[in-house]
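The values are calculated or read from the model by the stated rules, or taken from the named source; none is laboratory data. The model shown is predicted, which means the values in this text are computed figures rather than measured ones. Because the Cβ atoms are built from the backbone with ideal geometry, glycine has one as well, and the counts that use them run over all protein chains shown.
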Amino acid sequence: MFSQFISLECYNIFLIVMAVVALFVFVALFFVEAGYGYLFNPKFGFPVPNKVGWVIMECPVFFAMAALWATSDYGMEAAPLVLFLIFELHYFQRSFIFPMLMRGNSKMPVGIVAMGALFNTLNAVMQGGWIFYYAPEMGYYDGWMSKPYIYIGTAVFLFGFITNLHSDYVIRHLRKPGDTKHYIPKGGMFRYVSSANYFGEFMEWVGFAIASWSWAGVVFAWWTFANLGPRSASLYKRYEREFGEEFTKLGRKRIIPFIW
């Protein structure tokens, strides 16, 4: 059993360390841009094809979470099963579908791939440890399907998931084949924020935190914002420099509609 090897006390310390590290990442990313995608920077390591990089970076959490679920005595109970399914829904799409839909021949630095894979593996331990081991053993999820958390959280997650999918679709179709110009994405949540895909992903994990009603979920939502918030600010600045008034007159925020 997972909890026989890692005590609840050690697990709670792990959560605190992860939350503190996220704070450092949040601050650092305002000074050092995470160099992939539109912000590609070779100083993070030699480039690998985007499709390969995304699969390697994202699939560890999919398989690690599946392993923790499969070895748990509580994996088929209602609340842990629902949480497992919505978590894996995101990572199946992100690991195996999203990369195959990518267009062009963009590259990703191998350092970004390695850091992403490490975090994702640790996150599987963080989420799976709570959902499949500590919480069920304490009876935390007893009667969970009669409480509002799972329904509200799942609704928020699905809103974020759909927003993320639609925003990625918009970004993929900004260019025609052979075109290398940059364009301002429009429509959907891009009416309100310049990084609607990041807003969608952040909403997914806010919803997951509500559905699990756990500190593990909160730490993951915080990590998501710590990573994507500064990146959305960097992208906003790039749009300002490249498009000037054409972009600024749209009055968009960065990642949180009407706020920031």
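I'm checking my understanding of the structure. Among residues of region 136-149 that are of a type in the set (Phe, Trp, Tyr) and part of a loop (DSSP other than H, G, I, E, B), which one is surrounded by the most Cβ atoms within 10 Å (Cβ to Cβ)?
Restricting to residues being of a type in the set (Phe, Trp, Tyr) and part of a loop (DSSP other than H, G, I, E, B), the top hit is 141.
Checking residue 114 against (1) modelled with pLDDT of 95 or more; (2) surrounded by fewer than 19 Cβ atoms within 10 Å (Cβ to Cβ); (3) not β-branched (Val, Ile, Thr), which single condition isn't satisfied?
(1)
On the basis of being touching a residue at least 12 places away in the same chain (Cβ under 8 Å), part of a helix (DSSP H, G or I) and over 25 Å from residue 6 (Cα atoms), does residue 98 make the cut?
yes
With (1) farther than 25 Å from residue 92 by Cβ; (2) of a type in the set (Val, Ile, Thr); (3) surrounded by fewer than 17 Cβ atoms within 10 Å (Cβ to Cβ); (4) in contact (Cβ under 8 Å) with a residue 40 or more places away in the chain as the list, and residue 152 as the residue in question, which single condition is left unmet?
(1)
Write out, first by first residue and then by second, each pair whose Cβ atoms fall under 6 Å of each other, whose residues are 6+ apart or on separate chains, and whose first residue, in region 55-71, is in contact (Cβ under 8 Å) with a residue 40 or more places away in the chain and within 8 Å of residue 124 (Cα to Cα) while the second is of a type outside the set (A, V, I, L, M, F, W, C) and surrounded by fewer than 17 Cβ atoms within 10 Å (Cβ to Cβ).
If the second residue must be of a type outside the set (A, V, I, L, M, F, W, C) and surrounded by fewer than 17 Cβ atoms within 10 Å (Cβ to Cβ), the pairs left are 64/121.
Select from region 170-196 the residues that are surrounded by 14 or more Cβ atoms within 10 Å (Cβ to Cβ) and at pLDDT 95 or above and list them in ascending order.
Passing the criteria: 170, 184, 185, 188, 189, 190, 192, 193, 194, 195, 196.
Within region 154-189, can you find the residues that are part of a helix (DSSP H, G or I) and either within 18 Å of residue 104 (Cβ to Cβ) or of a type in the set (Asp, Glu) (or both)?
The answer is 167, 168, 169, 170, 171, 172.
Cβ-Cβ below 8 Å, separation at least six or inter-chain, first residue in region 107-119 and outside any strand (DSSP E or B), second of a type in the set (S, T, N, Q) and surrounded by fewer than 17 Cβ atoms within 10 Å (Cβ to Cβ): which pairs?
none
Out of the residues in region 1-47 meeting the condition of being assigned to a helix (DSSP H, G or I) and more than 30 Å from residue 131 (Cα to Cα), tell me which one is modelled with the highest pLDDT.
28
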